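Have a look at the structure below before the remarks.
None of the figures in this text is laboratory data; all of them are computed from the coordinates on show. All figures in this text were calculated on a predicted structure; none of them were measured in a lab. Positions of Cβ are generated from backbone atoms using ideal geometry, with glycine treated the same way; all protein chains shown enter the neighbour counts.
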Amino acid sequence: MVDLSQELFGTTFQNPVLLASGTCGYGEEYSDLIAVDELGGIVTKAVTPERRLGNPPTRISETPAGMINAIGLANVGLDGFKREKLPWIREHLSRAKVLVNVAGRSVEDFVGVVEGLEDEDGFLGYEINVSCPNVEGGTMFGTDELSLAQLVAALRRATRRPLVVKLTPNVAEIGNFARICEENGADGLSTINTFPGMLIDVETRRPVIGNVTGGISGPAIKPMGVFATWKATSRVEIPIIGIGGICNARDALEYILAGASLVQIGTAMFADPFTAPDTIRGLREICERQGVTRAADLVGALEVR
Ligand SMILES: Cc1cc2nc3c(=O)[nH]c(=O)nc-3n(C[C@H](O)[C@H](O)[C@H](O)COP(=O)(O)O)c2cc1C
């Protein structure tokens, strides 16, 4: 028997496979298709202080080996999340761990959402989205070292729950940003959010995406995600959640070998909603074949020389 569990953030994840923010709603959306509570966990759509309608259409389109999106953080807002979404999560998810993805335009926005959720139960901790390329200022905190330090420090004062910061790959040296998060009290990191990109309709000579630009995700970004994860793990002690282009167990294992304790799957779920359960099964099979009894032993097991 292979043990897929991972101990981190003071709790046990039953397996390392989570669904990525913005691609699984609040869990309920997938519940007719897969056993959501059998997953390692889910990360909710970003929650902002106010309800947001998001960007004008077209908001998603396919690209070679992936997709482009500019949803613009459309979400039900803090009160809507508490009233409309958290009750389902509380009732249906007891084994899968839930991270609430938090977004905002200012330190006050982020802290306000976290403080507004502190008295609620039903979720483990927060994933702080400082890396959204699809709203004005969405990557401001993720690309400026001082702003990031101030934000993480302020959030650390606001909560004792696990605080995970989701980094953008769109910086020269992601290791520096990883280190800043750790130094200011983050419990973990998620690497990576989408890459900024564009798609142009040559007949209309217009951008395909209503927001003009968007974020690229899916298999196209997997090597960059693995690279970012590897770079970040070399600079910090805190655990890392690997994200970007994961479509199967082998992809997930690349991230784990590079140093990720957990992984998240996003875009691949749109093409095949069984990707996450298949990935869990596939990880078990690979471990069995390789004679690995604890998947946790594979974290960072990459041999470079
Ligand atoms: C439609 C869509 C919406 C997303 N919304 C969010 C979001 O609200 N917050 C966030 O941190 N990341 C968001 N992301 C980024 C994903 O969580 C993930 O980091 C990225 O898509 C890379 O993983 P993937 O290649 O497996 O999709 C979104 C991605 C997509 C495709």
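Of note:
- Here the relative contact order of the stretch 53-208, from alpha carbon pairs under 8 Å that lie six or more residues apart, stands at 19 percent.
- Those chymotrypsin sites (Phe, Trp or Tyr not before Pro) in the stretch 68-175 that DSSP places in a loop and that have at most 12 other beta carbons within 10 Å: none
- Sparse-neighbourhood loop sites, trypsin sites (Lys or Arg not before Pro) in the stretch 131-201 - DSSP loop, at most 13 other Cβ within 10 angstrom: ARG160
- Relative contact order of the stretch 18-101, defined on C-alpha pairs under 8 angstrom at six or more residues apart (%): 38
- Given LYS85/LYS231; LYS85/LYS166; LYS97/LYS166, the pairs whose alpha carbons are separated by over 27 Å: LYS85/LYS231
- Coil-residue GluC sites (Glu not before Pro) of the stretch 1-101, DSSP, other Cβ within 10 Å capped at 14: GLU50
- Computed from the C-beta positions of GLU7 and ILE200 and an R0 of 51 Å, the FRET efficiency is 0.60 to the nearest 0.05.
- Dividing the helix sum by the residues of the chain, where each DSSP H run of 4 or more adds -39500 (n - 2.57), gives a mean residue ellipticity at 222 nm of -8500 deg cm²/dmol.
- In summary, the lysines within cross-link reach of LYS82, defined as a Cα separation below 16 angstrom excluding same-chain residues under 8 places away, comprise LYS45.
- Taken as Cα centroids, the stretch 70-95 and the stretch 117-189 sit 20 Å apart, rounded to the nearest whole angstrom.
- Contact order, relative form, for the chain: 20 percent (alpha carbon pairs under 8 Å, 6 or more residues apart, mean separation divided by residue count).
- Cα shape, the chain, gyration tensor, a/c 1.5 rule: rounded
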